[in-house]
Protein chains: 2
Amino acid sequence: MGITERKEREKEIRRESIIDAAQKVFFEKGLFAATMDEIAEAAELSKGTLYLYYRSKEDLYLTVMMRGLEILRVQMERTVRRNEPAVQRMLDLTEMYTRFFDDHRNYFRMFHFFNTPQFHKQVSDDVMRTCDRNNRSLWELMIGVIRSGMDEGTVRTDLDPMEVALIMWSSATTLLMRIDNQYDLFRAKLNIDLHNTLRMSNLMLLESALTDAGREELHAAVHH
Amino acid sequence: MGITERKEREKEIRRESIIDAAQKVFFEKGLFAATMDEIAEAAELSKGTLYLYYRSKEDLYLTVMMRGLEILRVQMERTVRRNEPAVQRMLDLTEMYTRFFDDHRNYFRMFHFFNTPQFHKQVSDDVMRTCDRNNRSLWELMIGVIRSGMDEGTVRTDLDPMEVALIMWSSATTLLMRIDNQYDLFRAKLNIDLHNTLRMSNLMLLESALTDAGREELHAAVHH
DNA sequence: GCAATGAATGACTGTAAGTCAGCAACGGAC
DNA sequence: GTCCGTTGCTGACTTACAGTCATTCATTGC
């Protein structure tokens, strides 16, 4: 029965090509300005067909977003796996996130959708779960590094690793979002370089999460 | 000519009553689920009339939001004006924000709109400017406290006051938003109390922005 | 060939933001 | 009191878009 298998493959290819088209349109216009008719046009399919493969516009959007999440996960994994002290790897993670922001701005922008649960209504449970799972694995990676820092004696053990990850990641995300939207405005009107603000914020939070030994390592690493 | 004056007054009253109606509907349903027909119904006016007073749904939304911004400004002003050391007032500000979140959750939710510039397209320049101005005055208040901390020798002078304000305010806002959306989820699945995470984050950032003298004051104030 | 299966279509429905031609009520002139 | 101009209000209409479904078309197995 090679035929059903071929059909399966073709279906999968179609699913992907729809996502390619959706990505193109979402990158250009964002979730709200993009229309299903445009995506259908870009995919060279009729609108009805899109709905045979995806349940809603939001499902399509999240599926595109997950490509970005996957890229981020891979880069994070690479950073975390390095054979370095935890403090160095935490620093590397902050740098990695900024680099991801620079290299994959369009995907980064899509992440914002996730922080706005009002829009989650149209999302099918299935897609939502996949998203959550991917998201979770990012947290696990960060928590792992923080834990190893605690073992090394460079990270305070009176803190919850998840809390530390949450605080640092949230802070960085918010500032990156601001860089995306308002970098020029802050530079012109307030003479603030938000990239510097971000580095500052990362260092401040990192410092307060470290032990004295950790802080020494940090300063050595930053000055090197 | 008392008549034109009376008419002005009546117009102003109508403007306000439209905002009352809009507030009711937006609080219940949020920006997207709320419809102009519902707001018209609640205001006991026709939809067309709403557009005589406000240019778009988003204008209405932001005008409601500014009521919240004004409440926040007043409370912040009260906190800032107190005759206390800067460190204490910075602590008070973080507490004040959490209290605002508890007491005026609906307004707080509306602030999220501001962080999502994709929606700003329908907003008239006029309303946007008013919003910006109000927003700006919040920053001024925070910056004032940080500056006075620098004068007192409790806040590091190598930092930019605006940057410190930005970092602390953004961090608190993000975590409060998460508390709003995912408090129960974090509690159940990860055994994290996000209120505690928020306190932690506030303390960590505050600590790293203070001088040694400032940190002593902080610890005295926290243990009081 | 020919029926059966299923993939793809696009006209259609429903909904909601925003518009505008017309109506009504009020005030001032005489 | 009557008329007319001005102002405020209306709701049916236009437009736009997400999502649906009866129909068409192509492929496969007999």
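Here is how the numbers come out for the structure above:
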read-out: Segment A:171-181 - phi-based ³J(HN,Hα) in whole Hz, Karplus 6.51/-1.76/1.60, Gly and Pro as x; value: 4, 4, 4, 4, 5, 4, 4, 5, 4, 4, 8
read-out: Alpha-carbon centroids, segment A:199-220 and segment A:1-78: separation in whole Å; value: 42 Å
read-out: Positive-end residue, segment A:1-54 charge dipole about Cα centroid, Cβ charges, pick of A:Gln23, A:Thr4, A:Met36; value: A:Thr4
read-out: Shape call, segment B:1-76: gyration tensor on alpha carbons, a/c limit 1.5; value: oblate
read-out: HN-Hα J in Hz across segment A:24-41 - Karplus 6.51, -1.76, 1.60, θ = phi - 60°, x for Gly and Pro; value: 4, 6, 5, 4, 6, 10, x, 4, 7, 6, 5, 10, 4, 4, 4, 5, 4, 3
read-out: Sequence-distant residues sharing a close amide H with B:Val155 (under 5 Å, placed H); value: B:Met150, B:Thr211
read-out: Residue-averaged [θ]222 nm for chain B, counting only DSSP H segments that reach four residues, each worth -39500 (n - 2.57); value: -27500 deg cm²/dmol
read-out: R0 of 45 Å, Cβ-Cβ distance A:Arg15-A:Asp151: FRET efficiency to nearest 0.05; value: 0.55
read-out: Of A:Lys29/B:Lys57; A:Lys7/A:Lys47; B:Lys11/B:Lys57; A:Lys24/A:Lys189, pairs whose Cα-Cα distance is over 24 Å; value: A:Lys24/A:Lys189
read-out: Debye, to nearest 20: dipole size of segment B:1-53, +1 on Lys, Arg Cβ, -1 on Asp, Glu Cβ; value: 160 debye
read-out: Neighbour net charge for A:Arg89 - beta-carbon separation under 15 angstrom, K R +1, D E -1; value: -3
read-out: Cα gyration tensor, the protein assembly as shown - rounded (a/c under 1.5), prolate or oblate; value: oblate
read-out: Magnitude of the charge dipole, segment A:65-223, Cβ model with Lys/Arg +1 and Asp/Glu -1, debye to 20; value: 600 debye
read-out: Euclidean distance between Cα centres, segment B:99-122 to segment A:106-121, Å; value: 15 Å
read-out: Sequence of B:Asp59, A:Asp126 once ranked by neighbouring C-beta atoms within 10 Å, starting from the fewest; value: A:Asp126, B:Asp59
read-out: Under 11 Å, Cβ to Cβ, from B:Asp102 - net charge with Lys/Arg +1 and Asp/Glu -1; value: -1
read-out: Cα gyration tensor shape for segment A:65-223, rounded if a/c is under 1.5, else prolate or oblate; value: oblate
read-out: Label point distance in nm, A:Ala221-B:Arg129, each placed 7 Å from Cα along Cα→Cβ; value: 4.8 nm
read-out: Ranking of A:Asp151, A:Asp158 by count of other Cβ atoms within 10 Å, fewest first; value: A:Asp158, A:Asp151
read-out: Net charge over other residues, Cβ less than 13 angstrom from the Cβ of A:Ile143 (K, R count +1; D, E count -1); value: -1
read-out: Angle in degrees between helix B:125-152 and the longest Cα principal axis of chain B, rounded to the nearest 10; value: 20 degrees
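Quick note: the coordinates plus some simple rules give every number you see, no bench work behind them. Predicted model only: the values in this text are computed from it and were never measured. Methodologically, a virtual Cβ is constructed for each residue, glycine included, from the backbone with ideal geometry; neighbour enumeration extends over all protein chains shown.
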